[in-house]
Structures are given as C-alpha cells and as structure tokens.
Amino acid sequence: TDAEPLYLRAIAIDEKALGPIHPELATDLNNLAMLLMAQGRYTDAEPLCRRALKISQRGLGDDHPSIATRLNNLAGLLKAQGRFTDAEPLYRRSLE
C-alpha cells in the first residue's frame, strides 16, 4: 500500500532524530505493525509489535496506558494467527 513506505520513512527518521528507544518510535512501529496485520502479514508484524512494546515498557514503565494498548495489539496479532495460548496472557495483562 501507499502507507507502508511512509511508515518506514517515519521510523527511519525517528530512529535517527530521537534514538532507538523513544516513545514516538514505538508508536510508528506499532502503526506499521497494525497495517501489516490488516494485510495478513503476521510474520512481518509480530517483531514490530514486540519491539514497540519493549520500547514503551522501557520508556514509560509497565503501568502506562500505552502498555495496555501495545499488549492488546500483540495479543490480537497472535489471536489472528490462531495462537490463542500465547494471546490470552497478554490480553489479561492488558486489563490489569
């Protein structure tokens, strides 16, 4: 799609200008992951979701509302792949 190269460019800019652990980078990674998920590109989306979660946890702490969103998105991705056992604990953590 037209959006993917724009997300990739935003990610490259964020990494260069803000560094590898900035919350804005996590947002852009998450957005690209959700686009790829919508396209059924789960293998490409999963590492982006995991990286966005890790960056958010490192920068914002586990209790920040963005962590719940990242957990929910990763759980949804796993669920879409039929990986229910992996998705359930993430859904539960997102509700805590």
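The values are calculated or read from the model by the stated rules, or taken from the named source; none is laboratory data. Quick caveat, the model's predicted, so the values are computed rather than measured. Note: ideal-geometry Cβ built from the backbone for every residue, glycine included; neighbour counts use all protein chains shown. Calculation scope for accessible area: heavy atoms of the full protein, side chains included, ligands and nucleic acids excluded. Shrake-Rupley method; radii C 1.70, N 1.55, O 1.52, S 1.80 Å.
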Listed residues Pro23, Pro65, Pro47; largest mean-square fluctuation, Gaussian network over the chain with Cα springs below 10 Å, found at Pro65
GNM on the chain, C-alpha springs below 10 Å: top fluctuator among Leu18, Leu74, Leu48?
Leu18
How many Å² of accessible area per residue for the chain, probe 1.4 Å?
59 Å²
Could you work out what % of the accessible surface of the chain is carbon and sulfur, using a 1.4 angstrom probe and leaving DNA, RNA and ligands out of the count?
54 percent
As a Kirkwood estimate from alpha-carbon pairs, the chain has a hydrodynamic radius in angstrom of 13.4 Å
How high is the relative contact order of the chain, in percent, counting Cα pairs under 8 Å that sit 6 or more residues apart?
22 percent
Placing +1 on the Cβ of each Lys and Arg and -1 on the Cβ of each Asp and Glu in the chain, which of Leu60, Pro47, Asn31 has its Cα farthest towards the positive end of the resulting dipole?
Pro47
Multiply the residue separation of Leu95 and Gln81 by 0.36 nm, subtract the distance between their alpha-carbon atoms, and state the gained length in nm to one decimal.
2.9 nm
